[in-house]
Amino acid sequence: MDTCYNGIRGSLIIILFLLTSSLSAQAWNLEKTIEQGAAMILEMKNRYKDNIPEPLFQEAKGVGVVSILQASLFMKERRGKGWVAIRLPEGRWSGPLAVNVSGWDLGLEVGFKAVELFLLFNSQETIDLIVKGTRCNIGVGQSAQPGLVEITEDQVSSPTASVYVYLVSKKKMKGIQIGNIDLVADPDTNWKYYQQKCIPFQILSGRVPVPESAQRLIQALSEPYRSVPVRQAERVVASPQPIQ
């Protein structure tokens, strides 16, 4: 019985590894992901609550949207994809850089979970790693914390984390605690999207002409908020739910 169980478990682990590895094995449709991100940002900026506070967004050094598939058997293995854009010195936004996501943390649940995360980058050091094309770790402790949806002035001027992490669920933003994940540029997808071989620095410094969908994303990032700001300080933490 134990031999049969171990055999089944081993087969499942191999299947899950192949499924999750295939997410980053080839170029994917960045344009569709960018268009969805632009629509989400515009909707957020017109919503009264359950969104990222305007002062935090205005002070952010960069933003990102990543979709993660989590296949877990005793160990939670995460793989996914998404994009990152940064605020340039003159205040405008860069074009989006395609990134792959990978990582793991300890867990006991068995099943699949798919989550969409919005990342708000507060640290220039983190941005520099992404611009250089270096693998960037986002995890527990001071590196990443659940994003705030309601804030005080001190929390705007002195962020408590390099990255604030938000769960995007049912058109709402809620802070979420994550395990360790890594972001790294996806050269194949970037080359396919920009129709030329380019490195992260060229994309994130605005030196590469951006396609129409990227222009719409930049416009969405630059649009002002139209929602009424919320003043009371409160941290809302959510947990990702498995797909039914």
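The values are calculated or read from the model by the stated rules, or taken from the named source; none is laboratory data. Quick caveat, the model's predicted, so the values are computed rather than measured. Here Cβ is always computed from backbone atoms with ideal geometry, including for glycine, and neighbour counts include all displayed protein chains.
Out of the residues in the range 138-154 that are surrounded by fewer than 20 Cβ atoms within 10 Å (Cβ to Cβ) and more than 18 Å from Ser102 (Cα to Cα), which is modelled with the highest pLDDT? The qualifying residue modelled with the highest pLDDT is Pro146.
Inclusion of Trp83 among residues that are within 28 Å of Gln202 (Cα to Cα), under 15 Å from the mean Cα position of the chain (by Cα) and either surrounded by fewer than 19 Cβ atoms within 10 Å (Cβ to Cβ) or at pLDDT 85 or above (or both) is warranted.
Taking each residue of the range 216-230 that is modelled with pLDDT of 95 or more and looking for partners that are surrounded by fewer than 13 Cβ atoms within 10 Å (Cβ to Cβ) with beta-carbon atoms closer than 8 Å, six or more apart or interchain, yields Ile218/Arg92; Ser222/Arg92.
Of all residues in the range 155-168, how many are surrounded by fewer than 15 Cβ atoms within 10 Å (Cβ to Cβ) and at pLDDT below 65? Here the count works out to 1. Taking Lys76, is it out of contact with any Ser or Thr (no Cβ under 9 Å at 6 or more places or on another chain), at pLDDT below 90 and either of a type outside the set (S, T, N, Q) or within 18 Å of Lys174 (Cα to Cα) (or both)? Yes; evaluated as a whole, the condition is true for this residue.
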